[in-house]
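The values are calculated or read from the model by the stated rules, or taken from the named source; none is laboratory data. Bear in mind that the values here come from a model prediction, so they are computed numbers and not experimental data. Cβ sites come from the backbone with ideal geometry, for glycine too, and all protein chains shown count toward neighbours. These area figures cover heavy atoms from the full protein model, side chains too; ligands, DNA and RNA do not enter into them. Shrake-Rupley method; radii C 1.70, N 1.55, O 1.52, S 1.80 Å.
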Amino acid sequence: MKISHLLIILSSGILFACTSSPKFTQAELGNRTAPLLEIDSFKFKDLNKNGTLDPYEDWRLPVDQRINDLIAQMTLEEKVGFMLISTTRLAGDFAFQAGAPRGEITSGFNEEDLIQPNNMFTRQTLATPLMSASGTTKGVKERHLRHFILRANTSAQIMAEWSDNLQALCEDTRLGIPAIVASNPRNHITMDAAIGLSQGATVFSKWPGELGLSATKDLELVRKFADIARQEWASVGIRKGYQYMADLATEPRWQRNEGTFGEDADWAAAMMREVVLGFQGEKLGLGSVALTTKHFPGGGPQVEGQDPHFDFGKDQHYPGGMFDYHLKPFQAAIDAGTSAIMPYYAKPIDTEYEEVAFAYNKGIIKDLLRGKMGFQGIINSDTGPIEMQPWGMEKYSIEERYGKALEAGVDLFSGTGDPTQLMAAVTKGYVTEERLNESVFRLLKEKFDLGLFENPYVDVEQAKKLVGNPEFQKAGDLAMRKSIVLLKNDQQLLPIKAKTKVYFETYFEKSQDAAPSIPFTSSNPSWEFELVGTQDEADLVVLWLNPHFNSLFSSNGSEIHVNLSKNKINTDYVNGVLSKKPTVTVINFTNPWVISEIEGAGLHTLVATFGTTPEAILDVLAGKVNPSGKLPFTIPVSVEAVKSNLSDVPGYQEKEGYALYKFGYGLSY
């Protein structure tokens, strides 16, 4: 196209815009203290209380124009505070506070600053104590914080009331900038429901773990899940999700495989597309929950499976030369419009990139993620790379680290509620205010697109009705059943025949003081077989094994094992059961466990789960639901195979003889 033709088109567009009269529909406004202005028969919130309609308050204007006007009114202190996101605590919430009493969580504010002298991950003394959570009122009014991570596990009513209280506090400030509240996943049955990973069981609808969602092989159901979760989250005021993990489960020993969609990049990419579109929609809007896809450029290929939360796990390598393979799910999330991306803590070794943690890595963020892959949204650091995991930057000051991370492209820093040191990085010349403005622009755009400037408030009564309602849970129950994978049925014990006496035992070692075997009974059985209370009474035993690591955050750098006996399963006991009675062995796979210790003559029937319920398992075993799930990762044949694996290579592409069951495997009746 010639330049002259382009100018004609542009000028005619401008002429049309100037001569036509756009029609607007009154935006829904929610306010507590900001006065309303009425202009041209429309109403607007006077957020800065100056009696005049400023451009940033005018919902009729283009978002970019509103943002630029607001940035011009913000002080340097307000911009710096705006670039931090940290834990927020409700009244009675003492998360992270060692030795604190367990209180009743209410919808009020916790006004205590939480100062941590030690690195919460390494447990080493910090050079500078860290404010991991700010007292709420001080955080909003003095430190200018507007990004918060909600970690409390409480009722829909309390969350919704607290959210409204927080937004009212923000509205009653100089510019009335609303808050955005983020959370880790809240809808999944998980084994390691540690703070910072997943909330585990909550009042929200319950679904299989992320691996289980993947195992359903049902993208339509995955989209439905994300849309349901979106509605629940938005109803209580959570409008930002620290999810989902686009990382690949290519290293069986990595302890965060449970939060992934498995080992196959193309399938994980398809999953990422559905969850992003389900939570956000085609673009961010009034009912959206903005997602933060993590952990770029893909956790998983960790040396010996160790995690980069810790010094002993800081290296990430690609012995199979498959760096680009791990980018596929991130590209899918970008193409679907993910609002933010979170780099991981690790530093790459033996690649073309600088050996510094990804949050400091200009080649990874600016050149690869933004330049080559086209991502234009928010870069949100993981919790604490400046203060706690500065891998490759250990010798530099905190102010220098901020400068390096900002140069690399980070927009939002997670883990501290104290803006002092980021401000010092500016005053010492490590970063310019112009660079801050770039990040503040992106962060404000997310809030404007979500409609938070018009109405950040929620309907508490509606939230109580919506969250975890029976219709939503019905869909979750279906997903749990579709997530179950039948691996072996050699003696045709399944489906269980009518009138069979069945003993169902959940085996889960919590501590030395608690019995690991928990019989399952039901007050309202819907199966044609009979549930009995002991193995001796049974014709058939269902033994549901739940192997598990210690919590990720108790890691100490020792060798990571994936065989059952090293992960809280008494294999002698299991083999004893297998030798005595016809047995259906069910194993919950948070990782690709090696099952060779029980894979003898007695293991005729094998079922895999990925976070589900006894009722879902029994519906499948009874034949009420025909098993249709497929493995989201490869199950290795031996410990030796795991030790010799290539950490960046999916199991089904490992050398011949690696797999006991390959990715995508699953039987039906």
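Taking a straight Cα-Cα cut-off under 17 Å and skipping sequence neighbours fewer than 8 places away in the same chain, the aspartates and glutamates within cross-link reach of Lys510 are Asp192. Mean residue ellipticity, 222 nm, helices only, the chain: the sum of -39500 (n - 2.57) across DSSP H runs of n ≥ 4, divided by residue count and rounded to 500, is -8500 deg cm²/dmol.
Cα centroids of segment 522-557 and segment 107-134: 39 Å apart. Structure note, pairs Lys217/Lys347; Lys314/Lys362; Lys497/Lys580: Cα-Cα distances above 22 angstrom occur for Lys217/Lys347.
Please report, in debye to the nearest 20, how large the charge dipole of segment 289-333 is about its Cα centre when each Lys and Arg carries +1 at its beta carbon and each Asp and Glu carries -1 there. Walk me through the intermediate numbers first.
Numbers: 3 positive and 5 negative charges, 47 e Å.
So the dipole magnitude of segment 289-333 works out to roughly 220 debye.
If you count the DSSP beta bridges with both ends in the chain, what percent of them are antiparallel, to the nearest 5? All intermediate terms of the calculation are to be shown ahead of the outcome.
Details: 20 of 64 bridges.
For the chain, the DSSP antiparallel bridge percentage is about 30.
Counting only heavy atoms of the protein chains and using a 1.4 Å probe, Thr137 has close to 50 Å² of accessible surface. One Cα centroid belongs to segment 44-79, the other to segment 444-503; the line between them spans 40 Å. Note on the chain: dipole from Cβ charges, positive end direction compared against Gly299, Asn489, Thr432; the farthest Cα belongs to Asn489. Taking the longest Cα principal axis of the chain as reference, the axis of helix 156-171 is set at about 20 degrees.
Check which residues have an amide H placed less than 5 Å from Ile85's amide H, if you skip close sequence neighbours. Under 5 Å from the amide H of Ile85 lie the amide H atoms of Phe413, Ser414, Gly415, Thr416, each far enough along the sequence or on another chain. Take 25-36, 262-273 and order them by the average number of nearby Cβ atoms within 10 Å per residue, most first; the result is 262-273, 25-36.
What does the extension gain come out to for Asp113 and Glu615, with contour length at 0.36 nm per residue minus their alpha carbon separation?
Values: separation 502, 0.36 × 502 = 180.72 nm, distance 4.39 nm.
That works out to 176.3 nm of additional length.
Heavy-atom accessible surface of the chain, averaged per residue, reaches 38 Å², computed with a 1.4 Å probe.
State to the nearest 20 debye the size of the charge dipole of segment 102-156 about its Cα centre, where the only charges are +1 on K and R beta carbons and -1 on D and E beta carbons. All intermediate terms of the calculation are to be shown ahead of the outcome.
Numbers: 7 positive and 5 negative charges, 36 e Å.
The dipole of segment 102-156 has a size of about 180 debye.
For the chain, the residue among Leu603, Ala346, Gly377 whose Cα projects farthest onto the positive side of the dipole built from Cβ charges is Gly377. Evaluating 6.51 cos²θ - 1.76 cosθ + 1.60 at θ = phi - 60° for every residue in segment 476-485, the Karplus couplings come out as x, 5, 4, 4, 4, 6, 6, 7, 7, 10 Hz, glycine and proline recorded as x.
Relative to the longest principal axis of the Cα atoms of the chain, the long axis of helix 63-73 makes an angle of roughly 70 degrees. Projecting the Cα positions of Asn556, Ala616, Leu169 onto the charge dipole of the chain (unit charges on Cβ atoms of Lys, Arg, Asp and Glu, taken about the Cα centre) puts Ala616 furthest along the positive direction.
For the chain, the carbon plus sulfur part of the accessible surface works out to 51%, probe radius 1.4 Å.
Accessible-area rank, largest first, for Val203, Val410: Val203, Val410, with all protein chains present and a 1.4 angstrom probe. The heavy atoms of Asp64 offer some 80 square angstrom of accessible surface to a 1.4 angstrom probe.
Dipole size of segment 301-409 about its Cα centre, with +1 on Lys/Arg Cβ and -1 on Asp/Glu Cβ: approximately 360 debye, rounded to the nearest 20. Pairing the Cα long axis of helix 265-280 with the longest principal axis of the chain, what angle in degrees results, from 0 to 90 and rounded to the nearest 10? With rounding to tens, the tilt is 50 degrees.
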